[in-house]
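The values are calculated or read from the model by the stated rules, or taken from the named source; none is laboratory data. All values reported here derive from a predicted model rather than from experimental measurement. For neighbour counting, all protein chains shown are included, and Cβ atoms are generated from backbone atoms with ideal geometry for every residue, glycine included. Side chains are part of the model used for accessible areas, which takes the heavy atoms of the whole protein and leaves out ligands, DNA and RNA. Shrake-Rupley method; radii C 1.70, N 1.55, O 1.52, S 1.80 Å.
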Amino acid sequence: MAKGEAQRSEKTATATRRQNVEIPRWFPPVLYAVVTLFLFREFVFSDAMLLGFDTQGLGYMARAFYADALKSGTFPLWNPIILGGTPFLESLAGGDSLYPPSALLLLLLEPFRALGWKLVLHVFLAGVFMHGWIRVLGGSKPAALLAGLAFLLAPYMVTLVLPGQDGKIFVTALTPLLFWATESVLRRPRLAGYASVAFVIGMIILTTHFQMAYFLFGGVGLYAVFRTVQMGRSGGEGNGTSQVVIPLHGNNEDAQGDTSNASRWRPALRGFVMFMTAAILGAGIGAVQLLPAADYVVESSRRTATTVQASDEGSVAYSSSWGLHPEEVLALAIPEFVGNSRGDAAWASGTYWGRNAFKFNHEYIGLIVLMLGGISFFGGRLRALRFFLLGLGTLALLFALGQHTPVWRVFYEIVPGISLFRAPSLVIFLTGFSAVTLMALGIDRVLELGSAGLDGAWNGPLKWLWGVLGALALGMVLAASGTLTSAWTAILYSDISPAKAQALATAAPFIARGFFVAALLAAVLVTAVWLLRRGRLAPLYFVVGVGLLVFVDLVRVDGPFIQIVDFTRFSQSDPNIEFLQRKQAEEAPFRVLSMAGNGDGQDVRPGMFGLELAGGHHPNDLARYREVIGMVGSGVPTNLVANVNIGR
C-alpha cells in the first residue's frame, strides 16, 4: 500500500514538472508589443494614415478641429463646420475628446497619426489586460499568455479598424481591465481597489461609446452579483478594510461550523455595496460627458426621430437593425462563410451575402479559441465560473441575433435604454471575452491532464476535439459540393435577393477553402493534444504550438482589415477648394453645400480645409436644423436645393 502511494506521489510530481512552464514576467508585454507592431507594421513604420471609413468621412476633420483648439489653449463648445454647426460636447462632435489617451496623443502627434496610434495602443493594452484578468483568476502563466494573445488579435475588435470605429475598440480593450479590477476588489476590498474600479468606469464612459459601455457594465454587474452570491455561500472572514474572502478556486460549498448565515453573507454584501458605490463614483467621473450627451440625444438630436418620437413599430425596427443573422453565427467559427464587403483580400471583398446592407468588420471569435474553451468543461477547477461565462457569452450571442430570438425583444421591453440603441450585434464582444477566458481555463485543464495517472480523464476532451474535427470535415465536403449553401438558402434564407445570391456565388470557393483551413487547424490542435497526452510533446512546446495556431488563425482574418492611405493625397486641396477659401475670407457669413461624391449633399471633405458646410452628415446633428433644410436620414437637403429663402 505504501509502495502504491509512493508511485502515485511520483506520478503527481512528474505531472507537476511536465506542466510547469516558466515564463519570465517581462515576456508577455514584450510578446504583445511585437505582435501588435507586426499587425500594424505598414502604419507604424511609415508616415501614412491608418484607413478607417468613418475616420476619412468625418473623424479626421473633427479631431483636427479639436486638436487645433487644444493647441491654441481653448476648449471648443461649438463645432461650426458640419450641418450649420453642432454642439461640441453634447453631440459628441469631437468623439472621444475627453478620453485622456486620445487627447494626449492629439497634443503630441499630428492628428492623422494620433488617430492610428491610439488604436495600436489599445490593441496592445487589450492583451496586457486580458493577461492580468486570467492571472487574478488563478490561471497559469501559459494560460494567461495565450489568452492575452488571443484577445489582442480578436477580429471582433481588430477588424473595427477598417470602418474606423475607435470607440468600440476602446471599450473592448478595456473589458478585461474592468473585470480584473472588479474581481480584485470583491476578493480583497481596499480603498485603492475601489478607486481603480471607479477610474476604469469613468474612462470607459469617456470613450463616448455609450452603447458598448452599457453592455459592458451590464456584464460586469452580473459578474459582481455572481461573485457576491458565491462568496456569501462560501463565507469569509474580514477585519474591516482588509477583508479576505474565499477566492474563485476555493471550496464553493457552504462554510461549516457555527458561523451563521448572516455573518457569512455580511462581508460579501458589504463588498458588493462598496463595488456599486465605486461604480457610481466612476459614472460621476464621466458625467461631464455623459449627462450633456444623454440629455441632447433625447431632446435635440436627429436620433429623436428614430427613438423617443418614433412609432412603436419604427422604434423596434430601428433598435433591432444591424443585428447578427444565422450566417454570421456560423462565421464565428468559419470566417469565410459570411464574407465581407471591403476587406483587402479576395475572400473579404464583394463576398458579403448576409442580410445587412453591407459589412466592413468581422465578429470571428477563433476556432482554436472555441475548441480549447470547450475543453474547460471536462473537469478542472472554477466550475461555477465556467458556467457563468458560458451563460454570459450565450446570452450576449442571443441578444446580438436581434429578432431572430426572443432574447433581444425581452431586453427591449423591460431594460431601460435599450430602445435608444441600434445594432444589437455590438454586444458580441462579451461573447468573445467569455470564450477567451474559457480558452485559458481549457489550456490549464490540458496541462493538468498531462499525467499518466489521469488517462481516464482524457476521454471527454479528446471526444470533444475529435467531434469538432469530424464536423469540420463534414462541413468541408458539403461546402465543396455546394450542398451546404444550397440547403442554407433553401431552409434559412429563402428570401435572399439576386444581388446577395451573386455575392454568395462569389464567396462559394472561399467558403469551401475556409472549411479546409479550419479542419487543418483543428487537426494540428488535436495532434498537439494527443502528443502531449502521450508524453511526446513537452508542455513548453505545446504552449508554443498553441500560440502559433492562435496567431495564424486570427491574423489571417485581421490582416485584410488593416490598410493605410497616403495622407498627403488624402489632404490635398484643389482649385475649387482654394477658390471657396478665398470667398469665405471675403464674405461672412459663408457656408458651402457640396454636392460632390454621390450628389446628395452628404460630402464633408471641404470641412477639412476650414470651410463651413450647410450640408454633410453627422450621427448626432440638430433635429431642428435638419427640418429647416429638408433633410431626412442621409437624403438630399431638399430645402437647400429648391428653396431660395432657405438657401439665402
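Tabulated data
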| quantity | calculated |
| --- | --- |
| Residue tally, condition open to solvent by 20 Å² or more (accessible area, probe 1.4 Å) and either polar (S, T, N, Q) or assigned to a helix (DSSP H, G or I) (or both), over the stretch 529-544 | 6 |
| Checking Phe88 against (1) without any contact (Cβ under 8 Å) to a residue 60 or more places away in the chain; (2) surrounded by fewer than 21 Cβ atoms within 10 Å (Cβ to Cβ), the condition it does not meet | (2) |
| Qualifying positions in the stretch 39-75 - in a helix (DSSP H, G or I) and without any contact (Cβ under 8 Å) to a residue 24 or more places away in the chain | Arg41, Asp68, Ala69 |
| Tabulated pairs, the stretch 106-129, first touching a residue at least 40 places away in the same chain (Cβ under 8 Å), second among the β-branched types (Val, Ile, Thr) and open to solvent by 30 Å² or more (accessible area, probe 1.4 Å), C-beta under 9 angstrom, 6+ apart or interchain | Gly116/Ile564 |
| Condition met for Val477 (open to solvent by 30 Å² or more (accessible area, probe 1.4 Å), modelled with pLDDT of 95 or more, β-branched (Val, Ile, Thr) and over 22 Å from the mean Cα position of the chain (by Cα)) | yes |
| Long-range neighbours under 7 Å by Cβ, at least six apart or interchain, first residue on the phi > 0 side of the Ramachandran plot within the stretch 399-425, second of a type in the set (Phe, Trp, Tyr) and in a loop (DSSP other than H, G, I, E, B) | Ala423/Trp322 |
| Filter result (closer than 26 Å to Leu50 by Cα and in contact (Cβ under 8 Å) with a residue 12 or more places away in the chain) within the stretch 568-600 | Phe570, Ser571, Ser573, Ile577, Ser594 |
| Single residue of Ser97, Ser184, Ser91 found to be part of a helix (DSSP H, G or I) and among the small types (Gly, Ala, Ser) | Ser184 |
| Search result, residues across the stretch 147-189 that are among the charged types (D, E, K, R), open to solvent by 10 Å² or more (accessible area, probe 1.4 Å) and either touching a helix residue (DSSP H, G or I) at 6+ places or on another chain (Cβ under 6 Å) or more than 30 Å from Gln230 (Cβ to Cβ) (or both) | Asp166, Lys168 |
| Residues (open to solvent by 10 Å² or more (accessible area, probe 1.4 Å), in a helix (DSSP H, G or I) and of a type in the set (A, V, I, L, M)) located in the stretch 107-132 | Leu107, Leu108, Leu115, Leu119, Leu121, Leu125, Val128 |
| Of all residues making up the stretch 323-347, the number that are within 26 Å of Ser434 (Cα to Cα) and either modelled with pLDDT under 95 or hydrophobic (A, V, I, L, M, F, W, C) (or both) | 9 |
| Meets criteria (under 26 Å from the mean Cα position of the chain (by Cα), under 19 Å from Phe53 (Cα atoms) and of a type outside the set (Phe, Trp, Tyr)) for Ser102 | yes |
| Some residue of the stretch 492-512 being modelled with pLDDT of 95 or more and more than 21 Å from Lys359 (Cβ to Cβ) | no |
| Residue match in the stretch 581-592 (condition: closer than 20 Å to Leu640 by Cβ, open to solvent by 80 Å² or more (accessible area, probe 1.4 Å), outside any loop (DSSP other than H, G, I, E, B) and not small (Gly, Ala, Ser)) | no |
| Residue match in the stretch 612-624 (condition: open to solvent by 20 Å² or more (accessible area, probe 1.4 Å) and within 29 Å of Asp47 (Cα to Cα)) | yes |
| Any chance Gly221 is touching a Ser or Thr at 6+ places or on another chain (Cβ under 6 Å), open to solvent by 10 Å² or more (accessible area, probe 1.4 Å) and assigned to a helix (DSSP H, G or I) | no |
| For Trp458: the one exception among (1) of a type in the set (Phe, Trp, Tyr); (2) modelled with pLDDT of 95 or more; (3) open to solvent by less than 40 Å² (accessible area, probe 1.4 Å); (4) in a helix (DSSP H, G or I) | (2) |
| For Thr638: the one exception among (1) closer than 22 Å to Pro87 by Cβ; (2) at pLDDT 90 or above; (3) open to solvent by 60 Å² or more (accessible area, probe 1.4 Å) | (1) |
| The lone exception for Gly601 - which of (1) open to solvent by 20 Å² or more (accessible area, probe 1.4 Å); (2) at positive phi it fails | (1) |
| The lone exception for Met608 - which of (1) in a loop (DSSP other than H, G, I, E, B); (2) touching a helix residue (DSSP H, G or I) at 6+ places or on another chain (Cβ under 7 Å) it fails | (1) |
| Subset of the stretch 1-55 that is at pLDDT below 50 and among the β-branched types (Val, Ile, Thr) - its residue that is least open to solvent (accessible area, probe 1.4 Å) | Thr14 |
| Selected residue (criterion: surrounded by the most Cβ atoms within 10 Å (Cβ to Cβ)) from residues of the stretch 366-404 that are of a type outside the set (Phe, Trp, Tyr) and over 22 Å from the mean Cα position of the chain (by Cα) | Ser376 |
